[in-house]
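The values are calculated or read from the model by the stated rules, or taken from the named source; none is laboratory data. As the structure is a computational prediction, the values presented were derived from the model and not from experiment. Glycine also receives a Cβ, built like all others from the backbone with ideal geometry; neighbour counts cover every protein chain displayed.
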Amino acid sequence: MAELTLFRASDGYRFYTRCYRPAGTPLARVVVLHGIRSHAEWYAGSCRSLAERGYEVHFLDRRGSGWNTAHRGDCSSFHRLIDDVAEFILDLRRTQAGLPLFLVGISWGGKLAVALAARYPTMISGIALLCPGLKPAIQPPWATRLRIALASKLRPTNRFPIPLNDPELFTASPEWCRFIDGDRYGLREATARFLFNSFRFDRYLKGEYRKVTCPVLLMLAGKDRILDNPATRKLLAQFTRSRSIAIIDYPEAEHTLEFEEPGHPWLADLLGWFSRSASTES
């Protein structure tokens, strides 16, 4: 059962976090960051499985997303989102500071994982990027992007649909498509300010990849329609200072690995990478 808490950021915003604790002393800590549409409840199954295997898992609902109703779909800047994660991890490290700590970035959350690893190279033991949103294949049309850019200056809280509102972009499972379609906490719209900051975030990251020194795991789904997989793989060449880079392809998988059939190897592969990376660090 997850422990639900509210974490207070330095600017006063309070966002929800869920903690899944193992039965004994944790092997390591895992902090998970979700995508632009999703939230913690999408990934409860894998979080429980990780805890059962000895990992202490913390899942953050990004401000304005999931259960966080204040400033829905909005944020002042992507730097503020990076700070949210950094402040949470710093607070977490006040206890059991010697435990390895891995950051998992899912889809859009992959941007935050990379940015944090670049800015705070000693804070984490490694980043796992699960179908990360570093090179999206789906973007709003140019006319819409222009309207977003203009609105971000003139009417920053104007809302625009997130171009990922078809559940079949995430999974081929009818059951999970129904879940996504009926999900009342999923983010379907975002402010012009948030979306424009997401575009700016992409440009910012171009100078950050070479600053990442920790181990990196990249997982790609072969049937992903949200991301540009070849361009994402090519990006890994820019992680020139990383101690190790691993890439795992799942040719038949869809974008959200969580929604693959039970027994799919992605979770076992993630656990294996945690174990190898933790032993290398020690």
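Among the criteria (1) surrounded by 13 or more Cβ atoms within 10 Å (Cβ to Cβ); (2) acidic (Asp, Glu); (3) more than 20 Å from the chain's Cα centre (by Cα), the one Glu208 does not fulfil is (3).
Against the conditions (1) out of contact with any helix residue (DSSP H, G or I) (no Cβ under 7 Å at 6 or more places or on another chain); (2) among the charged types (D, E, K, R); (3) farther than 19 Å from Ile247 by Cα; (4) surrounded by fewer than 16 Cβ atoms within 10 Å (Cβ to Cβ), Arg200 satisfies every one except (1). Here Val57 fulfils each of the conditions (1) β-branched (Val, Ile, Thr); (2) under 17 Å from the mean Cα position of the chain (by Cα); (3) farther than 25 Å from Glu258 by Cα apart from (3). The residues of the range 91-119 that are among the polar types (S, T, N, Q) and touching a residue at least 24 places away in the same chain (Cβ under 8 Å), listed by number, are Gln96, Ser107. Among the residues of the range 136-147, is there at least one that is among the aromatic types (Phe, Trp, Tyr), surrounded by 14 or more Cβ atoms within 10 Å (Cβ to Cβ) and either more than 24 Å from Gly272 (Cα to Cα) or touching a helix residue (DSSP H, G or I) at 6+ places or on another chain (Cβ under 6 Å) (or both)? Looking for residues that are among the aromatic types (Phe, Trp, Tyr), surrounded by 14 or more Cβ atoms within 10 Å (Cβ to Cβ) and either more than 24 Å from Gly272 (Cα to Cα) or touching a helix residue (DSSP H, G or I) at 6+ places or on another chain (Cβ under 6 Å) (or both), one finds none in the range 136-147, hence no. Among the residues of the range 151-166, some residue qualifies, meaning at least one is under 21 Å from the mean Cα position of the chain (by Cα) and buried (at least 19 other Cβ atoms within 10 Å of the Cβ). Within the range 138-155, residues that are in contact (Cβ under 8 Å) with a residue 24 or more places away in the chain sit with their Cβ atoms under 6 Å from residues that are of a type in the set (Phe, Trp, Tyr), at 6+ positions apart or across chains, in these pairs: Ile148/Phe160; Ile148/Phe196; Ala149/Phe196; Ser152/Phe196.
Of all the residues in the range 34-90, those that are part of a loop (DSSP other than H, G, I, E, B) and either crowded, with 23+ Cβ neighbours inside 10 Å or touching a residue at least 12 places away in the same chain (Cβ under 8 Å) (or both) number 24.
Within the range 135-143, does at least one residue satisfy the condition of being at pLDDT 95 or above and of a type in the set (Val, Ile, Thr)? Among the residues of the range 135-143, not one is at pLDDT 95 or above and of a type in the set (Val, Ile, Thr), which makes the answer no.
Within the range 211-225, the residues that satisfy the criterion of being in contact with a helix residue (DSSP H, G or I) (Cβ under 8 Å, 6 or more places away or on another chain) and surrounded by 21 or more Cβ atoms within 10 Å (Cβ to Cβ) are Val212, Cys214, Pro215, Val216, Leu217, Leu218, Met219, Leu220, Ala221. Only one of the numbered conditions (1) more than 23 Å from Ala172 (Cα to Cα); (2) touching a residue at least 40 places away in the same chain (Cβ under 8 Å) is violated by Leu218, and that is (1). Of all residues in the range 43-64, those that are touching a Gly at 6+ places or on another chain (Cβ under 8 Å) and closer than 15 Å to Leu103 by Cα total 1. Within the range 63-93, the set of residues being basic (Lys, Arg), under 15 Å from Tyr16 (Cβ atoms) and under 16 Å from the mean Cα position of the chain (by Cα) comprises just one member, Arg63. Pairing residues of the range 255-282 that are closer than 12 Å to Leu27 by Cα and surrounded by fewer than 18 Cβ atoms within 10 Å (Cβ to Cβ) with residues that are modelled with pLDDT of 95 or more and acidic (Asp, Glu), at Cβ distances under 6 Å and at least 6 apart in sequence or on separate chains, gives no pairs at all.
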